[in-house]
Every structure is written in C-alpha cells, then in structure tokens.
Amino acid sequence: MSDENPYYNGFPINLFLTDRPCLVVGGGKVALRKIQLLLDAGAKVTVVSPEVDDELQKLIEQGKAAHTVRRFEDSDVEGAMLVYAATNSRGANRQILACCRERNILCCCVDGNWSDGDFTTPAITRHKQLTVSVSSDGKNCRQSKMVKNSLARHLMMMESGHLVIVGTDHNHLTVEEREPFHLTGHRLERAGFMIAQLWGIHEFMILNTCNRVEVIAVVSEETMQNGILRHIMGFTNLKEDKYYLKTGQEAFEHLCLVTAGMLSQTPGENHITAQIKDALEQSKSRAWSGNMTQEWISTALHVSKDIKNMAAPLLHSYEIEDLCLRYLEAQGKIDPNTTIMVLGSGMVGKGLVKDSLPKVAKIVWCYHVNKPDIPTDLSGKIDLCTFNDVKNRITDADVIVCAADAPGHLLHLGHEPFFNQERPVTVIDLGMPRNVDPELDDLSSDITVVDLDGLKYWYRRELADMTEILAKSRAIVSEHRNLYEKITNSFKGRNPAE
C-alpha cells in the first residue's frame, strides 16, 4: 500500500458461499455479526475461540455453527474458503492473517490490521431478492451504515411501481387561475428537487405546456395513497374539481389520451408528442427518471398512434399556431396588407412565421437568445429584432402574436404608448405563463387581447363531438390493458443473470 493512497479501492463482488467452509476466529460481538452474515449466505461456519458470546452460544447449540473450544492454531485455516480474524488481540489477528497469506486464503481482520487484509465486509441490507451493500473502502464505516440504513427503508417501498399523475389543465382552470401553478425556470428545478427527496418516488417527470402542468411519477403503494405530490404541486387549496389525481389504470388511460392530443386545447394536435418527449429527456438528464418512466411513455406513444388513426377522420386537427391564424382570418384581422409581429423563435413561433408568410405583407419576428435563420429570398418580407427592440416595432404591427417561453410579461402597460393609436391592434397570447399583461386589454378599445381561453371558447363552437371521440379513445386504451399489466408486473420481477 503506498503512502500517497492509504486506502484500497476495493473490487465489489457477490460471493456464493452455500456449503462452503468458512472460519471465524473469535467469540465476541464482532465475530457474531460476521458469523450471522456467513450463515445468511449458507456457509458452513466453524468458530475457534476458548469462549463465545451468549447469543453465539445459542447458534452453536442449534447446530448452525461448529465450535472448536481453544485458542487458534495455524492448521485451523486449512480448507477454509475465507477467514475472519475477529479476536480481541491485534497480535493474534496478525498471526491468523499471516497463516492465510501462506496458504492463499482470503482473510479479513476486524481490527487495526484491516488494511493489511484481503477484504472488508460492506454494510449490507437485504429485501427479498435484492441485496444492497455499501462500502467506504475502510474510510468511514459509520457513514456506510447510515447509507445502508437509509437504503433499507427505501427498499421496503420498492415492492411495486404504480403510475400516478397529478396535475391541472385548461379543462379545470382558466388561464388566469392556472398561471400560478405552471413550472418553468427555477420553479421547475425547485419542484423537481423537492420531489426527488421523497421516499417512495421511484422516478418522475414534469410535463409543462401552455394548457397543462402535471407530474407523471412511478411510486410505491404508500406514496400513491398519501397525497404528498398534491402538496408539492401547490394544489392543497384547490377544490377537488380543479385538479386531477389519477392512479393505476386510470393514470395510464390519461397518459395515452394526453399523448394522443385528445385532451389538448386543440384536440388531435401533434406538438404534445414532442413536448412529452422533451420533458422525458429533461427529466432523464436531471436523473429524475430512467427505464421505468421511459417504458410508460413509450407504451403511451404506441397506444396513441391507434387513437390518432381513429380520430383523424373525425377531427380537424390543428396545432395551436394554426388555430391562432384561423381565428385571425375569421375575425378579418389578416389580409395581404397586414403586418404581423411574432414574439418567440421556438416551435410555435417558427410555425406561425411559416404559415403567415403567404397570408400577410410583412412579418416582424422578435427573438430573445436564439436568432432565427432567414433565407435570403425572404429577407425583404421578414424583419428580425430582439425582445429589447419590441417597443420600437410595435407601432408597425396590425397583429401581435406572443409565443415565447418567458417567466414574465413581454408586453405590459409600459408598452401602451408605443402602440399605433390610429388603428386597432389584436394581440394573441399563446404563452404560459402569459406573455401579455391582461390589463392591456382594458386600456383602449383599439387594443384587443385574446388569450388561450379566448381561442378555446371560439374553437369549441366549431369542434366535432368530442364525447364520442373520447369514448372511442378510451375503448382503444382498454384494448391495450395487457400492456399496462405487463409493465406493472415487470416492476415486481427479477433478472437471474444480474
């Protein structure tokens, strides 16, 4: 052992000791603990000691261990697979270690000689087919035991992996009511940190879109019942009809319907698929989720394809940007002479610019960090500007559409003087949290602000009968119940090759 590194980096293995001869020299409390571990592993244990602890004597009398009543002799190690030197004499333990070295027998010293031995015994906890061992390589045994005891409590909750979804959406709260519960930026990180500390939360992801915020989690039986996720999401002061808590098969059905876009503000839209995949990847990068969550999401995506194939002929499927432009056309706000301002360069912002190109005269595209790439042949029709320059370009706009991922209002009362006072301006707010201060709508009859709820109520008047479509969607999920049961049962199984 070098002076620069006084501790070994041990190689962890799982020894199979069934019917293998093992020797423990010593009869005190420490020797008793090592003997109990060896017996748990099915080893044939021989104890060499003139005297033994009372509890160890009971094991010997029960025939669980053989006892040689005398002091250690060199020949005692013959034939042993491994040896524990556990006497109260450091010199005797060193002698035992030397005898083992001569015969190439693995030996562990439980005293100050431990660093010259061949192995140490990690802190161990077992629960059914699972064995967890924790070692500090001899540096901090107390810390190892603390970690082991903590993991032991967690193992008791690993019996099952139940799917739980807690959230709220546009069907339960208005935009104004929903806004305080949305999780972005540091609020998302804080909520994730809190959930990650909870016993019984095996894995989770947070889905935050313009019309819903929910936690999708795989949890223990106890956690499924105790409602702790509702508290973390801040729903404790909401009436029960203002949020949802779904478990088991009901949660699986909900996940499939959400993934298929059937519960979106524009039923059948496809953005939700990308949003769910992105939320999953973010949760995996933060170590919030892994294989269990991945399996639930992959299965929901599989079922959602069948739902979409059924619903496609019955729905006019629109993305949120499509719905926005259809609304503006229906209200007579867009024509070949219109100048439209788009705030946001993400997925929705790009879709708005692309779909607006053939319908308007000019597009002012505002971005925060990610500057969009504009083809040279469109440079005359699309002007780029940063969010800092918005106030200088508002006067040019007939229509403003906000679709940015921002923590606060991008348009507020301070922008009112910059609006063109000679013509009406329509402002569409697709953001969540909202990009536009709703009080702007009250300042002037020439400024009209329409948020997600406004689009929703307008669209619902044109929508097909969703009751029938949802009933058919739920029937498709029910047909795939075997997939739900397969995943649930897999969390209880084991892999003998591990």
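Could you tell me the center-to-center distance, by alpha carbons, between region 325-374 and region 57-71 in angstrom?
Between the Cα centre of region 325-374 and that of region 57-71, the gap is 85 Å.
If R₀ is 30 angstrom, what is the calculated FRET efficiency for the pair HIS186 and LEU413, using the beta carbon separation as r and rounding to 0.05?
Taking R0 as 30 Å, the efficiency between HIS186 and LEU413 is 0.75.
From the list (i) 22.7; (ii) 33.4; (iii) 27.8, can you say which value of Kirkwood radius over Cα pairs in Å was derived from the structure given?
(iii)
Enumerate the calculated ³J(HN,Hα) couplings along region 66-78 in order (Karplus 6.51 cos²θ - 1.76 cosθ + 1.60, θ = phi - 60°), each rounded to whole Hz, writing x wherever the residue is Gly or Pro.
8, 10, 9, 8, 5, 6, 5, 10, 3, 6, 4, 7, 4
Calculated from DSSP H runs of 4 or more alone, at -39500 (n - 2.57) each and per residue, what is the 222 nm mean residue ellipticity of the chain, nearest 500?
Values: 18 runs with 185 residues, N = 498.
Result for the chain: -11000 deg cm²/dmol, rounded to the nearest 500.
How many nm separate the modelled label positions at ASN9 and LYS284, each set 7 Å beyond the Cα in the direction of the Cβ?
The two pseudo-label positions are separated by 2.8 nm.
Using amide H atoms built in the peptide plane, which far-off residues or other-chain residues are under 5 Å from ARG20 H to H?
Under 5 Å from the amide H of ARG20: LYS44.
If you plug each phi of region 387-401 into the Karplus form 6.51 cos²θ - 1.76 cosθ + 1.60 with θ = phi - 60°, what whole-Hz ³J(HN,Hα) values come out, in order, with x for Gly and Pro?
Those phi angles translate into 4, 5, 9, 4, 4, 7, 10, 4, 4, 7, 8, 8, 9, 10, 10 Hz.
Per-residue HN-Hα couplings for region 338-346, Karplus 6.51 cos²θ - 1.76 cosθ + 1.60 at θ = phi - 60°, whole Hz, x for Gly and Pro?
Per-residue couplings from phi come out as 7, 10, 10, 9, 10, 9, x, 10, x Hz.
Under a plain spin-label model, where a point goes 7 Å from the Cα along Cα-to-Cβ, how far apart in nm are PHE387 and ASN420?
2.5 nm
Restricting attention to region 165-194, which trypsin sites (Lys or Arg not before Pro) occupy a DSSP loop and are surrounded by at most 11 other Cβ atoms within 10 Å?
Working: sites: ARG178, ARG187, ARG190; in loops: none.
Within region 165-194, no trypsin sites (Lys or Arg not before Pro) qualify (loop, at most 11 other Cβ atoms within 10 Å).
List the aspartates and glutamates whose alpha-carbon lies under 15 Å from that of LYS354, not counting same-chain residues fewer than 8 positions away?
Filter leaves GLU319, GLU321, ASP322, ASP373, ASP377, ASP383.
Report the label-to-label distance for VAL132 and LYS371 in nanometres (one decimal), using points 7 Å from each Cα along the Cα→Cβ vector.
Rounded to a tenth, the inter-label distance reads 5.1 nm.
Counting residues in region 1-134 as N, plug N into 2.2 N^0.38 Å and put the Cα Rg over that result. Present the calculation step by step, with values, prior to reporting the outcome.
Working: Rg = 14.7 Å, N = 134, 2.2 N^0.38 = 14.1 Å.
Taking N as the residue count of region 1-134, the ratio is 1.04.
Could you tell me the center-to-center distance, by alpha carbons, between region 96-134 and region 384-418 in angstrom?
Measuring centre to centre over Cα atoms gives 69 Å.
Extension gain SER490-LYS350, at 0.36 nm per residue separation less the Cα-Cα distance, in nm? Before the final figure, lay out the partial values.
Working: separation 140, 0.36 × 140 = 50.40 nm, distance 4.14 nm.
Here the segment from SER490 to LYS350 would lengthen by 46.3 nm.
Between ASN88 and LEU37, what is the FRET efficiency for a Förster distance of 22 Å, r being their Cβ-Cβ separation, to the nearest 0.05?
Values: r = 19 Å, r/R0 = 0.89.
With R0 = 22 Å, the Cβ-Cβ based efficiency is 0.65.
Can you list residues whose amide H is under 5 Å from GLU203's amide H, if they're 5+ apart or on another chain and H is modeled 1.01 Å from N?
VAL218
Which far-off residues, 5 or more places away or on another chain, put their amide H under 5 Å from the one on PHE119, with H placed in the peptide plane?
CYS107, CYS109
Of LYS277/LYS362; LYS350/LYS456; LYS242/LYS308; LYS333/LYS381; LYS277/LYS308, which ones are farther than 25 Å apart at the Cα?
Working: LYS277/LYS362 34 Å; LYS350/LYS456 21 Å; LYS242/LYS308 27 Å; LYS333/LYS381 18 Å; LYS277/LYS308 17 Å.
Too far apart for the 25 Å limit: LYS277/LYS362; LYS242/LYS308.
Hey, got the dipole for region 158-265? About the Cα centre, +1 on K and R Cβ, -1 on D and E Cβ, debye to the nearest 20? Mind showing how you got there, number by number?
Numbers: 8 positive and 14 negative charges, 56 e Å.
Taking the Cα centre of region 158-265 as origin, the dipole is about 260 debye.
What does the extension gain come out to for ARG474 and SER115, with contour length at 0.36 nm per residue minus their alpha carbon separation? All intermediate terms of the calculation are to be shown ahead of the outcome.
Working: separation 359, 0.36 × 359 = 129.24 nm, distance 6.31 nm.
Working it through step by step, the gained length comes to 122.9 nm.
So if R0 is 25 Å, what FRET efficiency would PHE16 and LYS64 give, r being the distance between their Cβ atoms, rounded to the nearest 0.05? All intermediate terms of the calculation are to be shown ahead of the outcome.
Details: r = 19 Å, r/R0 = 0.75.
E(calc), rounded to 0.05, equals 0.85.
Find how many whole Å separate the alpha carbon centroid of region 438-455 from the alpha carbon centroid of region 214-250.
Using only Cα atoms, the two centres lie 34 Å from each other.
Can you give me the % of accessible surface on the chain that is carbon or sulfur? Probe 1.4 Å, all protein chains present, nothing else counted. Walk me through the numbers on the way to the answer.
Working: 12100 of 25110 Å².
In the chain, the share of accessible area belonging to carbon and sulfur is 48 percent.
What lysines could a cross-link reach from LYS58, if we take a straight Cα to Cα line under 24 Å and drop same-chain neighbours fewer than 8 places away?
The qualifying lysines are LYS29, LYS34, LYS44.
Got a sec? Which residues in region 175-212 would a label at ASN226 touch, if it sits 7 Å along Cα→Cβ and we count backbone N under 19 Å?
Answer for region 175-212: 191-205.
Might you report the magnitude of the Cβ-based charge dipole of the chain about its Cα centre, with Lys and Arg at +1 and Asp and Glu at -1, to the nearest 20 debye?
On the way: 54 positive and 66 negative charges, 342 e Å.
So the magnitude is around 1640 debye.
The values are calculated or read from the model by the stated rules, or taken from the named source; none is laboratory data. Quick caveat: nothing in here was measured; it's all calculated off a predicted structure. Using ideal geometry, Cβ is built from the backbone for each residue, glycine included, and neighbour counts are taken over all protein chains shown. Keep in mind that these areas ignore ligands, DNA and RNA; they rest on the heavy atoms of the full protein, side chains included. Shrake-Rupley method; radii C 1.70, N 1.55, O 1.52, S 1.80 Å.
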